[in-house]
Amino acid sequence: MPDKCEYGLLIDYEYCTGCYACQVACAQEYGWPEGMGGIRVIEVEQRLPNDRAYLSYIPFPTELCILCAPRTRQGLEPACVKHCMAACMKYGKIEDLAREMSQKPRMVLWVPRS
Amino acid sequence: MTKGKNRQIVRTTTWSAGPGCHGGCGVLAHIEDGKLVKIEGDPEHPWNQGRLCSRCLAMTQYINHPDRLTRPLKRIGERGEGKWQEISWDEAFDLIENKLGKIREDYGPESVIFSMGTGRDIGAWICMLAYAYGSPNVMFALSGIACYSPRISAVETVQGDYCILDAAQWFPKRYEDPRYQVPECIVVWGYNIPASCPDNVFGHWIIDLMKKGTKIITIDPRLSWFASRAEKWLRLRPGTDGALAMGFLNVIINEGLYDKEFVEKWTNAAHLVRSDTGKLLRESDWVEGGSPVNFVVWDTARQAPAIWDSQQLEYKSANVRPALEGEYEVSLADGTRVSAKTVCDVFVEQVNQYPVERVSEITWVPPKDIIEAARLYARSKPAAIHWGVPIDMTPAITPTVQAITDLWCLTGNLDVPGGNVISRYAFDAVAYALPGAKGVIKLKSKEDDEKRIGADQYGPLRKFIWRAQTDVTLEQIFTEDPYPIKGMWLQACNPVAGIGLDPKRWVEALKKLDFVVAVDLFMNPTTQLADVVLPATTFLEKDSIRSWWIPLQSINKAITVGECKPDIEINFELAKRFDPDFRWNNIHELFDEILKPSGLTFRELQQQGWAFPPEGHPSHPYHRFEKGLLRPDVKPGFQTPSGKVELYSVLREEWGLEPVAHYEEPPFTPISQPELCKEYPLILSTGRRSPVYFHAEHRNIPWLREIDPDPVIEIHPKTAKSLNIANGEWVWVENWLGRCKFRAKVTLVVPEWMVMTAHGWWFPEEPGEEPSLFGVWKSNVNQLIPMGFQGEDGLGAPIKHLLCKIYRVDEQEEARDAR
Ligand code: SF4
Ligand code: SF4
Ligand code: SF4
């Protein structure tokens, strides 16, 4: 049985712009070589009726995300969260984030392997 | 600030080179043993509040890159052969002084062009060097100077000052400031969110505002991020922005959605236009000895003409009640009688040429959407318009901008909280001559300016833009008429890969010159063609100041890399050598002079980091035209020839150009080129923004390149299917000027009738010497765009609306060619 999970990342993907700051922030923080990193930004293009479409970006935490334990221990925000250009990422306790999630649509809560 | 053993944290401001910014993020640079180990956003800085873009977060890979130029280089082979020798700075300076000195002696200082890319913290120092050398020919190397300056110049033509979206950037507490109001609606016009902070607006401020309730109207042929979240999205045909703006005006005027008080009080709507000549009726026409700068209105109180005094900003007689409408008979000084009508009538007649149905035919936007969007904008209070560079990138840029400027003026959104707010350089501290500002760094005399290329031909170049006209300059290199060009100084300027249209012609031009110096951070396709290459620095390796809108900021040196020198230091040394009367002894002395209006010295500014102009200062909002804060004579009004917002432009009339906003079809569209369109049926739009690149930069930064590895062309699924092109395949993009290769991204983002390509592509990993020039000919889309199609006023170029065909790259043919 895995350890109980306590912390997660809440993403408001209504506002994620696909700026990739989170991905590079993680690479910088941990010196990841090309192709590796704690977070990957995914583009989703959804076709809608009447010739419309909706463009979404979602940062996805990989197997390498450690939820910035060395930073959070010092009371700092995770590097990706801190630099997110759209301020659409939040780090916190899963139950707090889940509560916040019920406040608006287009949210996703990640609980990385960490 | 310190942390850990050898770790030092330096607080500074970003502004090129490095992330490629126009903005000014506050950052904390973590330095260990003189090396940058990490960079973070400064949470206390009001600009970015701790955030930072991907390019800035990759600064460690940029600064410590193994390919950084760290010593001056001298060419030892043929131009383009890629053979270089490292030399000392002293040798480099001597060589340049010698060569450029000789050119000045033999041909005059105007024979050397000082060329910049997107200027930022380099523009001022290029001017400093050019002016010390004596050349007026500072050139922004894009055709039609088509980035930003044209918009500034065109807005100033209408209203005397530039203005931008209000995101509370004038206040230290930003959105929390009680004077601020969140816009009810923002029109995002031809702007994506590339996070490079064009217009000196941090793109994500708009997202902050969306979270606070701002609704978005997006005007864009692409389904951009904003488009997919917009209340209204108008997918217009590229290049028809002017027609759409006229359509908006049509709805707003005919539905009475404009601010009548503003029109009466603050525009030149009442001024009379002669029906015989079609020109403004001036006091000098009307009375003997009258002033040609004063204008005439029809006073309904006296049923007679009255004079608007453009100096005093009042009528010459008391209690004038000017007519806004109607046609009147006036007897002139020479005895003739002419009829004249009001600017308001002329303007409305023009606007009525653009009924919504016609605008819909031109723009391909359904009439219903035009009407609804115009109403939403006009009824939202306040509302702001934020535009992007596509507005500059069309030959009829000025009439387009006149129409858009009229929109925010007529809806009462000028210089109000949450509207389009007049943007002045903080404290009016300005380094160099920019549109609307004179600055500390100037040409020594008016005579020095006489030979500036294109200034005699183009009005805006005599009034707002102190640059050589690029297209005319390129031609003059070949024709040598009216005088020969012998040398070029290129600083952070890469015409072969980035900023130059028809880049092979730029290669020819560079090869024709006697002496070429390039200043840059990495070798690139342009530096390969220079005689001397000087290594410049990033923002972390220099002291400087940033005065571009608000706040005023200092840039503080944190590290040194190799023998790299900041642009300003390089140019300062040479300026001293070329100009015996050069006024400053050191850089800080120059900074202090530039900063003088702020009351701060450079050291003081460094200590506090940034400074906001106080309430009551002309660079602090709001309602400045009412308070007399815009004009040197402190009279309420604007810095235009009439002192009013000019719906009918006095300057344009004087330059022999159509004075009222209107639409012109661009030169290479399916409408203007139906024959060409048969062979090249797709609209080609270029300049697809990447979040990880700034124009031609950053392809060599591993963390960034992995995110956007190949030059991309966006193709609609139906178009791709009909051409048998699959996602990820390489395709040729071709027109009558050439062809180049892109990787297909099959996407709903573009319409069926258009493709969109990235720009600025070259491959730092490929051989630098000719013919490869870092593989620049493979995917540089500028090969498909001609020079020489600037607008009537010398500004704008057809960059966003060409024609092309596309087809799959034949792998076998490729393999054959490679052998
Ligand atoms: S939380 Fe930390 S480790 Fe995880 S993705 Fe973000 S920056 Fe990387
Ligand atoms: S930094 Fe924020 S806005 Fe940018 S891609 Fe990551 S989650 Fe999205
Ligand atoms: S490009 Fe913009 S976000 Fe990036 S560092 Fe420069 S100012 Fe900041």
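The values are calculated or read from the model by the stated rules, or taken from the named source; none is laboratory data. Keep in mind the model is a prediction, meaning the values are calculated, not measured. Don't worry about glycine lacking a Cβ; one is built from the backbone with ideal geometry, like all the others, and counts go over all protein chains shown. The area values use the complete protein model at the heavy-atom level, side chains included, leaving out ligands, DNA and RNA. Shrake-Rupley method; radii C 1.70, N 1.55, O 1.52, S 1.80 Å.
Per residue, chain A exposes an accessible area of 53 Å² to a 1.4 Å probe, with every protein chain left in place. Short version: which residues of segment B:228-270 lose at least 50 Å² of accessible area, all chains versus chain alone, 1.4 Å probe? Flagged in segment B:228-270: B:Ser228, B:Arg229. Segment B:145-163 and segment A:64-114 have Cα centres spaced 43 Å apart. Among the GluC sites (Glu not before Pro) in segment B:439-489, those placed in a DSSP loop whose Cβ has at most 14 other Cβ atoms within 10 Å are B:Glu450, B:Glu480.
Looking at segment B:163-422, the DSSP beta bridges with both ends there are about 60 percent antiparallel. Normalised by the number of residues in chain B, the mean separation of alpha-carbon contacts (under 8 Å, six or more apart) gives a relative contact order of 19 percent. The slack between B:Asp276 and B:Trp732, meaning 0.36 nm per residue of separation minus the straight C-alpha distance, is 158.7 nm.
Under the shape rule built on the C-alpha gyration tensor, where the axes satisfy a ≥ b ≥ c, segment B:2-63 is oblate, since a/c reaches at least 1.5 while a/b does not exceed b/c. Here B:Lys316 is the anchor, and the aspartates and glutamates within straight C-alpha reach of less than 17 Å, apart from those fewer than 8 places off in the same chain, are B:Glu283, B:Asp285, B:Glu288, B:Asp299. Surface composition of the protein assembly as shown: carbon plus sulfur atoms hold 49% of the accessible area, using a 1.4 angstrom probe and ignoring ligands, DNA and RNA. For segment B:37-78, heavy-atom accessible area (probe 1.4 Å) falls by no less than 50 Å² from the chain alone to the full protein assembly at B:Lys38, B:Glu40, B:Arg51, B:Leu57.
Legend: residues B:Leu28, B:Leu410, sorted from most to least accessible area (1.4 Å probe; ligands, DNA and RNA excluded), read B:Leu28, B:Leu410. The A-B contact accounts for approximately 3200 Å² of buried accessible area, totalled over both chains at a 1.4 Å probe radius.
Classify the protein assembly as shown as rounded, prolate or oblate from the Cα gyration tensor: take a ≥ b ≥ c as the square roots of its eigenvalues, call it rounded if a/c is under 1.5, otherwise prolate when a/b beats b/c and oblate if not. Write down the numbers at each step before the final one.
Details: a/c = 1.42, a/b = 1.23, b/c = 1.15.
Rounded shape, in that the Cα axes give a/c under 1.5.
Placing A:Cys5, B:Cys564, B:Cys147 in order of accessible area, with the largest value first and a 1.4 Å probe, yields A:Cys5, B:Cys147, B:Cys564.
Listed here are the pairs A:Lys90/B:Lys212; A:Lys104/B:Lys212; B:Lys596/B:Lys644; which of them are more than 24 Å apart at the Cα? Can you show the working numbers first?
Values: A:Lys90/B:Lys212 18 Å; A:Lys104/B:Lys212 14 Å; B:Lys596/B:Lys644 30 Å.
Pairs exceeding 24 Å: B:Lys596/B:Lys644.
In this entry, segment B:333-435 is assigned a mean projected area of 11.4 nm², taken as a quarter of its C-alpha convex hull surface. Find which of A:Val24, A:Met36, A:Cys5 sits farthest along the positive direction of the dipole of segment A:2-110, computed with +1 on the beta-carbon of Lys and Arg, -1 on that of Asp and Glu, about the Cα centre. Farthest towards the positive end: A:Cys5.
Hey, what's the Kirkwood Rh for segment B:163-422 if you take every pair of different alpha carbons, in angstrom? Spell out each step's value before the answer.
Values: mean 1/r = 0.0503 Å⁻¹.
For segment B:163-422, the Kirkwood estimate is 19.9 Å.
Evaluate the relative contact order of segment A:1-94 (contact order divided by residue number), counting alpha-carbon pairs under 8 angstrom at least 6 apart; express in whole percent.
Details: 146 pairs, mean separation 37.0, N = 94.
Relative contact order here is 39 percent.
Using the Kirkwood radius built from alpha carbon pairs, what does the Stokes-Einstein equation give as D for segment B:666-763 at 20 °C and 1.002 mPa s, in µm² per second? Each step should come with its number before you reach the end.
Values: Rh = 14.4 Å.
Answer from the Stokes-Einstein relation: 149 µm²/s.
Here the Kirkwood formula, the inverse mean of 1/r across different C-alpha pairs, assigns chain B a hydrodynamic radius of 27.6 Å.
Principal axis analysis of the Cα atoms in segment B:726-779 yields extents of 39, 25, 18 Å, listed in decreasing size.
If you filter segment B:169-259 for trypsin sites (Lys or Arg not before Pro), then keep DSSP loop positions with at most 15 other Cβ within 10 Å, what is left? Present the calculation step by step, with values, prior to reporting the outcome.
Details: sites: B:Lys173, B:Arg174, B:Arg179, B:Lys211, B:Lys212, B:Lys215, B:Arg222, B:Arg229, B:Lys232, B:Arg235; in loops: B:Lys173, B:Arg179, B:Lys212, B:Arg222, B:Arg229, B:Arg235.
When the trypsin sites (Lys or Arg not before Pro) of segment B:169-259 are filtered for loop state and at most 15 Cβ neighbours within 10 Å, B:Lys173, B:Arg179, B:Lys212 remain.
Grouping the Cα pair distances of segment B:75-177 into 10 Å bins from zero gives a pair-distance distribution of 12, 24, 33, 15, 13, 4, 0 percent in increasing distance order.
Would you work out if segment A:2-110 is rounded, prolate or oblate? Take a ≥ b ≥ c from the square roots of the eigenvalues of the alpha-carbon gyration tensor; rounded if a/c is under 1.5, else prolate when a/b is larger than b/c, oblate otherwise. Because a/c hits 1.5 or more and a/b fails to exceed b/c, segment A:2-110 counts as oblate. Within the assembled protein chains, the solvent-accessible surface assigned to B:His617 is about 40 Å², based on a 1.4 Å probe. Percent antiparallel among DSSP beta bridges with both residues in segment B:674-818, to the nearest 5? Antiparallel: roughly 60 percent of the beta bridges in segment B:674-818. When +1 charges are put on Lys and Arg Cβ atoms and -1 charges on Asp and Glu Cβ atoms, the dipole computed for segment B:163-422 relative to its Cα centre reaches about 860 debye. In the context of the full protein assembly, B:Lys805 retains an accessible surface of approximately 60 Å², using a probe radius of 1.4 Å and ignoring ligands and nucleic acids. Rolling a 1.4 angstrom probe over the protein heavy atoms with all chains in place gives segment B:305-360 an accessible area of 50 Å² per residue. Restricting to Cα pairs below 8 Å that are 6+ residues apart, what does the relative contact order work out to for segment B:418-534? Please round to a whole percent. After rounding, I find 16 percent. Of B:Asp502, A:Asp51, the residue with the largest accessible area leads and the full order is A:Asp51, B:Asp502 (1.4 Å probe). Taking all protein chains into account, the per residue accessible area for segment B:674-818 stands at 37 Å² (1.4 Å probe).
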